[in-house]
Amino acid sequence: MKPGLVARVALVDLACVLVFAAIGRASHGEDVGPAGLVTTAWPFAAGWLVGWVLVLLLRAARVRPLGPVAGVLVWLPTVVVGMVLRAATGAGVETSFVVVATVVLGVFLLGWRGVTTLVQRSRRGTAAHVDV
């Protein structure tokens, strides 16, 4: 595995969380500056961190950071922990928001991995499994 790959994958995931928060704020006409973004993103960033701790703990079990299992391990805690923290702090957790957040974060956190895997496979000219 290339040095720094795990950190780069984790940072792309975090960027996805931040883009999710920015899109959400913008769609509601709210400030997308740093303070506003942090206000919305921090519960999901905490969930992202929980997910990445799971990925790192399971590296010995051959969970690849760029693989779909890692994507799910990051996605689910990002949503669940994010919603729990939002509820605990009095922020909205309406059913429609939970559904939208689950779907959008799933598309973001799993989708970029899928696209990256397809690109890598096409560059190699084989359907071999990407081992990162």
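Bear in mind that the values in this text are calculations on the coordinates, not laboratory data. As the structure is a prediction and not an experimental result, all values here were calculated from the model. Heads up, the Cβs are rebuilt from the backbone with ideal geometry, glycines too, and the neighbour counts pull from every protein chain shown.
Quick look at the values:
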item: When residues of the stretch 60-72 are limited to those that are without any contact (Cβ under 8 Å) to a residue 12 or more places away in the chain and either in a loop (DSSP other than H, G, I, E, B) or in contact with a helix residue (DSSP H, G or I) (Cβ under 8 Å, 6 or more places away or on another chain) (or both), the one surrounded by the fewest Cβ atoms within 10 Å (Cβ to Cβ); result: Arg62
item: Residue count for the stretch 95-114, restricted to those that are exposed (fewer than 12 other Cβ atoms within 10 Å of the Cβ) and farther than 20 Å from Ala22 by Cβ; result: 1
item: Residue match in the stretch 8-31 (condition: without any contact (Cβ under 8 Å) to a residue 60 or more places away in the chain and of a type in the set (Val, Ile, Thr)); result: no
item: The lone exception for Leu57 - which of (1) of a type outside the set (Ser, Thr, Tyr); (2) in contact (Cβ under 8 Å) with a residue 12 or more places away in the chain; (3) surrounded by fewer than 16 Cβ atoms within 10 Å (Cβ to Cβ); (4) within 24 Å of Leu5 (Cα to Cα) it fails; result: (2)
item: Tabulated pairs, the stretch 99-128, first free of Cβ contacts under 8 Å to residues at least 60 places away in the same chain and farther than 17 Å from Ala41 by Cβ, second surrounded by fewer than 11 Cβ atoms within 10 Å (Cβ to Cβ) and aliphatic (A, V, I, L, M), C-beta under 9 angstrom, 6+ apart or interchain; result: Arg121/Ala127; Arg121/Ala128
item: Within the stretch 21-49, tally of residues that are basic (Lys, Arg) and over 26 Å from Gly71 (Cα atoms); result: 0
item: Test: residue in the stretch 94-101 that is assigned to a helix (DSSP H, G or I) and of a type in the set (S, T, N, Q); result: yes
item: Residue in the stretch 36-56 that is part of a loop (DSSP other than H, G, I, E, B) and either within 17 Å of Trp112 (Cβ to Cβ) or among the charged types (D, E, K, R) (or both) present; result: no
